[in-house]
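Notes follow the structure.
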Amino acid sequence: MPITDDEIREKYLERAIRELNALTRELQGCTLCDRGQLMPVLGSGHPQADIMLVKHAPVLSEIEEGVAFYGRAGGALMKSLKRLAIDPLAVYGTLCVKCPLSDPSEADFACVSRLVEEIEIVQPRIVVMMGEDALATLNELEIPLAQPLRARVGELQRLTPAIDALLVPNIDDSLDEQRAKRAFWAAFRTLGEWYEAQPPY
C-alpha cells in the first residue's frame, strides 16, 4: 500500500520534533557561555514552521520563562500576525544568543552557531531577522548555500535557494514609541504580502 503525502509529512514532523528535543538537551547541558545557574532561552513554535523569527538576544521576560518571544514582544507579534492573517502555527521564534548574558557579544560563537542547526531542522521558507545585530550574526554563520544579506529593512532577500529573508526592526525596541511602532509595522507587513503569495503545500 503506497504511503500518502500526509504520512510523509507526519514522519518529517516527528523527526523535526525529535531533533529539536535533542538540540534542547544539548543547549541545556552546554557550558560554553558563562551563564551561571540560568538556563538558555529556547525557541518556540511549530517545528516545521514556514516562518522563523530570529532576534539577537533575550530580554528579561524571556530569561525568566526560558522561552523566546515571551512577554510584551510576543503579545505584540501575535496581534501583528493576526492583522496580517498569518496562522500562528506557521511561525517559530528563536534567538541568536540563547544564553542570558549581560553582554551578548561574549557568547561563544560555537553556541551561536547552533542557530544553523535550528534552521536546518525547522526548514523555514523565510527567516525574519529582528534588528541589524541578528542580521550581522546570520551573515557570520556558515549556513549552507547562503548569500550575504544586506541591511535593507522591509525588503525581501534570498538567503538560500530555498529560504527567503526579511529584515525588520527589533520588536523589543518597537513597543513604546509611536515612530518605532510605525517603522516596525511598515517593514513587518512585507511578511504578510510574502505569506499571501505562497503556494499551498
Q) Name the residues in the stretch 39-62 that are open to solvent by 50 Å² or more (accessible area, probe 1.4 Å) and in a helix (DSSP H, G or I), would you? A) L60
Q: May I ask you to say which residue of A134, A165, A146, A110 is within 15 Å of P58 (Cα to Cα) and either open to solvent by less than 60 Å² (accessible area, probe 1.4 Å) or in contact (Cβ under 8 Å) with a residue 12 or more places away in the chain (or both)?
A: A134
Q) How about the stretch 4-38: which of its residues are open to solvent by 50 Å² or more (accessible area, probe 1.4 Å), in a helix (DSSP H, G or I), closer than 16 Å to V97 by Cβ and not acidic (D, E)? A) Q28
Q. When the residues of the stretch 159-200 are filtered to those that are part of a loop (DSSP other than H, G, I, E, B) and in contact with a helix residue (DSSP H, G or I) (Cβ under 8 Å, 6 or more places away or on another chain), which remaining residue is farthest from V128 (Cα to Cα)?
A. L175
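Among the residues of the stretch 17-49 satisfying the criterion of being of a type in the set (G, A, S) and modelled with pLDDT of 90 or more, which is farthest from the chain's Cα centre (by Cα)?
A22
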Q: Mind counting the residues in the stretch 78-89 that are buried (at least 18 other Cβ atoms within 10 Å of the Cβ) and in contact with a Pro (Cβ under 9 Å, 6 or more places away or on another chain)?
A: 1
Q. Of the conditions (1) open to solvent by less than 20 Å² (accessible area, probe 1.4 Å); (2) in contact with a helix residue (DSSP H, G or I) (Cβ under 9 Å, 6 or more places away or on another chain), L156 fails just one. Which one is it?
A. (1)
Q. Restricting to helices (runs of 4 or more DSSP H) lying wholly in the stretch 106-158: which have 3 or more residues that are aliphatic (A, V, I, L, M)?
A. 114-122, 132-140
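The values are calculated or read from the model by the stated rules, or taken from the named source; none is laboratory data. The structure displayed is predicted, hence computed values, not measured ones. Here the Cβ is made from the backbone with ideal geometry for all residues, glycine too, and neighbour counts use every protein chain on show. For the accessible areas, the whole protein counts, side chains as well, though only heavy atoms, and no ligand, DNA or RNA atoms are used. Shrake-Rupley method; radii C 1.70, N 1.55, O 1.52, S 1.80 Å.
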